[in-house]
Amino acid sequence: MLQQIEGSAAVAQAVAACRPEVIAAYPITPQTHIVEGLGDMVKRGLVGNCQFLNVESEFGAMSVCIGSSATGARTYTATSSQGMLFMMEAVYNASGLGLPIVMTVGNRAIGPPLNIWNDWSDSMAARDAAWIQLFVEDNQQAADVHVQAFRLAEAASLPVMVCMDGFILTHAYTRVDVPDQANVDRFLPAFEPHQALDPLAPITMGAMVGPEAFAEVRFLAHYKQLEALDLIPRHAAEFEALFGRDSGGLLKTFDIEDKSTVVVTMGSVVGTMKSVLADMRQDGSSIGLLSIRSYRPFPKQQLRDALAGAKRVIVFEKSLAVGMGGILAADVRMALASLPIAVYSVIGGLGGRPITRDNLRRMLDKGVRDELEEPHFHDLDVAVVHRELERLRDIQRPGPSAESILRDIAGADAVARSSE
Amino acid sequence: MTKGPDSEQRVKFYQTGTFTVGNRLLNEAQRTVQASVERANSLDSGHRACQGCGEALGARYVVDAALRATNDQLIAANATGCLEVFTTPYPESAWRLPWIHSLFGNAPAVGTGIAAALRARGREDVRVIAQGGDGGTTDIGMGCLSGMFDRNDDVLYVCYNNQAYMNTGVQRSSQTPPAARTATTTVAGSDPGNELNTGKSVPLIAMAHGIAYVATASVHDLHDLEYKVVKAMSFHGARYLEVFVPCPLGWGSRPADTIKVARLATQCGMFPLFEAEYGELTASTRIRERKPVEDYLKLQRRFAHVFALENAHQLEALRAIAERNIRRFDLLADGEDTA
């Protein structure tokens, strides 16, 4: 049913339609509205016999999910930012044990400086945790991909993160056709666990594995993720046949045929990017767009095939590997290795910095002229950085930079105001 | 003798310090079955525990008793630690019940998740225990443990307390007694061993949560241990059992003395045995024949330095702990000398 609805509420309704049996909830901005919505539905008796647990931490949340999923219950939780870091030991454990938990990540920056706004630092920190990571571009996809996530997790016996940009999606009221119960039931069969703790057939889970078998276990984790490269598009096609919507899949291209430049990105910025690129094409630029929807497993071959005709690829991402550069850019470069394609790395939108059509257009105009430095920090206030670097050089005990930069910007604002 | 309702274990024998003689005096139904070949072993032989391991003995009796109490409808979550490592050197597993090891600090929460899944699936006939050592329980697992108590999740948590991190090589935990030597509280300086005035009582913390049942037990009294497990399984909601399990390797005691050391710990007042329901103390095991704290300490090399003249204040501090336990838990039988 079409609704004008908050992204978090749409996700909560979609998850409820998946008939979860155990939900562990711990509040952290910006995912909190999702578990609030689910808690309310569970309390009203709208989610069958689902158990909703208010746990004491994110570490507790993921640990409860581990116990529950290992006992054969369909299990869900959500987190963001510091919460992801706090549960990280259990995040690795869930995938290592092959437990099909679904977790929404309301993508948010990691501090310090403390910042509640959107970037991808949290799910990128879990990049190598052997979870499947699906990114969504809008709230319709957010709702739809959760339904596919349970199907995928249970088919592959792997946990799945659905990554949606915090605030930009979680708190946005948009039109969403929340997947209806009847079709969700058609799409998502009852959970048949690959393994379960059951007194009738006792098993030992979580044994110690030494050097004699560890490499093989890790190889299998890799192999199983690569198998998901087949499952994800198959599920997306089935979903489309049933619901009439294109959601999910490995990647999505927009107008890339015969284009010399292709922008590669993920998540909610795809919408803004589409509109900027349409303008640029109107102005004569040969430029298209590719959205990565499955970040892990990374669709290397599909990406290579899609981009084979491009001369130039500009990777725009809200994540930074300090001391290295773009994270997504590194993956794209690996996928395009040995092809004669220039790959530019652009890092923007960190900590919720607005990404506007104007500033994207300025950056991309430089990009198509091959004028971007490596890596390019989008919308960076270079003057502020220079002043802080000078201060760090000149003062004996300069103190923390975050506070100093805030003071600098506040001062500059005050000067600007007084001169008005 | 145990105060309070005690229908299953009315008869206890202290004549020999063992149950061997007493067993013959009992009628068939009441006899202990610890030596029978028919006896079930949830924790199978062949595991890799050290000689004289108190934890292996404790865990075997706890899990067996819990299995009997639940008609074998039991799932166990296990923290990382000795018990986990010595029981599951894969491809071998000593466990004969569904068992999961996840992490060091999350066994209570994994137990919660199992219980929640069983409730969601209408399988509340299946019960849950979670277990770990004192490090996994009272230090790194404390947050998850308190959360499990707070939510009153239907899990019996069993802490096998051997008073240090034994699996990593005998480092101090919050359960390491004052003055005790560990690898991180060495015998050096003016206060050798563990610092005085440190540590915490997790059974009392558990009681402060108001949970259904809290008890302490020891491997020197397996009947009492089994009785407390069975009693714990008669409650629903969160429950906590702490079992005193000597570690010959970590304590520097003889493997053959494990039971003796455990018994002396109780007899001198260093490890009080008690039960509590819904936050109220309901029973404590009286000391029939009080022993000096020194008798307990001198069997363990971790305390050897407290007998040096210059460390007399440490010995005094340990005596004071025993005194306080005796007062607090009313441990002396009527007429017993309080000196």
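Structure notes:
- Sulfur and carbon atoms: percent of accessible area, region A:184-311 [1.4 Å]: 53 percent
- Charge dipole (the protein assembly as shown, unit charges on Cβ, about Cα centre) - positive-most of B:Ala206, B:Ala320, B:Gly141: B:Ala320
- Remark: the Cα gyration tensor places region A:140-235 in the prolate category, a/c being 1.5 or greater and a/b exceeding b/c.
- Solvent-accessible surface of chain B, averaged per residue with a 1.4 angstrom probe and all protein chains in place: 39 square angstrom.
- Counting only heavy atoms of the protein chains and using a 1.4 Å probe, B:Leu103 has close to 10 Å² of accessible surface.
- List of region B:85-102 residues, accessible area with partners at least 20 Å² below that of the chain alone (1.4 Å probe): B:Val85, B:Thr88, B:Tyr90, B:Pro98, B:Trp99, B:Ile100, B:His101, B:Ser102
- Only Cα pairs under 8 Å and 6+ residues apart enter the sum, and on that basis the relative contact order of region A:1-116 stands at 28 percent.
- The 3J(HN,Hα) values that the Karplus relation (6.51, -1.76, 1.60; θ = phi - 60°) gives for region A:137-150 are, in residue order, 8, 8, 6, 5, 5, 4, 5, 5, 5, 4, 5, 5, 5, 5 Hz. Gly and Pro appear as x.
- If you take all other residues with their beta carbon under 11 Å from the beta carbon of A:Gly166, and give Lys and Arg +1 and Asp and Glu -1, the sum is -1.
- Taking the helices alone, the protein assembly as shown has a mean residue ellipticity at 222 nm of -11500 deg cm²/dmol, built from -39,500 (n - 2.57) per DSSP H run of at least 4 residues and averaged over all its residues.
- Accessible area expressed per residue, region A:55-152, with surrounding protein chains retained (probe 1.4 Å, Å²): 20 Å²
- In this structure, the amide hydrogen of A:Gln3, modeled 1.01 Å from its nitrogen in the peptide plane, lies closer than 5 angstrom to those of A:Val176, A:Asp177, A:Val178, counting only residues at least 5 positions away or on a different chain.
- Accessible-area composition of region A:10-147, carbon plus sulfur, in percent [1.4 Å probe]: 54 percent
- Total accessible surface hidden between B and A, rounded to 100 Å², 1.4 Å probe: 2800 Å²
- Taking a ≥ b ≥ c as the square roots of the eigenvalues of the Cα gyration tensor, the protein assembly as shown is classed as prolate, since a/c reaches at least 1.5 and a/b is larger than b/c.
- Exceeding the 20 Å Cα-Cα cut-off - candidates A:Lys311/A:Lys366; B:Lys200/B:Lys260; B:Lys228/B:Lys298: B:Lys200/B:Lys260; B:Lys228/B:Lys298
- Protein accessible area in region B:44-116, 1.4 Å probe - carbon and sulfur %: 49 percent
- To the nearest 10, the accessible area of A:Glu403 is 90 Å² with a 1.4 Å probe.
- Computed from the Cβ-Cβ distance with R0 of 51 Å, the FRET efficiency linking A:Glu373 to A:Arg245 stands at 0.80.
- Taking amide H as placed 1.01 Å from N in the peptide plane, the amide H of B:Leu196 sits under 5 Å from that of B:Ala179, each at least 5 places away or on another chain.
- Charge tally for A:Ile66 (other residues, Cβ to Cβ under 13 Å; Lys, Arg +1; Asp, Glu -1): -2.
- Positive-end residue, region A:234-309 charge dipole about Cα centroid, Cβ charges, pick of A:Met273, A:Pro297, A:Phe254: A:Pro297
- The listed residues A:Asp246, A:Asp331 rank as A:Asp246, A:Asp331 when sorted by accessible area, largest first, using a 1.4 Å probe.
- Take A:Lys366: with every protein chain present and a 1.4 Å probe, its accessible area is about 70 Å².
- Environment charge at B:Ser173 (Cβ cut-off 15 Å; Lys +1, Arg +1, Asp -1, Glu -1): -1
- Global geometry of region A:159-210, whether rounded, prolate or oblate, following the gyration tensor of its Cα atoms and the 1.5 cut on a/c: oblate
- Computed over protein heavy atoms with a 1.4 angstrom probe, the accessible surface ordering of A:Lys43, A:Lys224, B:Lys298, largest first, is A:Lys43, B:Lys298, A:Lys224.
- Per-residue accessible area (protein heavy atoms, 1.4 Å probe) orders B:Leu273, A:Leu406, A:Leu392, A:Leu97 as A:Leu406, A:Leu392, A:Leu97, B:Leu273, starting from the largest.
- Heavy-atom accessible area, 1.4 Å probe, ligands and nucleic acids excluded: residues of region A:4-37 down by at least 50 Å² from chain alone: none
- Legend: P(r) of region A:11-123 from all alpha carbon pair distances, 10 Å bins from 0, whole percents, reading 16, 48, 31, 6, 0.
The values are calculated or read from the model by the stated rules, or taken from the named source; none is laboratory data. These numbers were taken from a predicted model, which means no experiment stands behind them. Cβ sites come from the backbone with ideal geometry, for glycine too, and all protein chains shown count toward neighbours. Accessible surface is based on the protein model in full, side chains and every heavy atom, while ligands, DNA and RNA are left aside. Shrake-Rupley method; radii C 1.70, N 1.55, O 1.52, S 1.80 Å.
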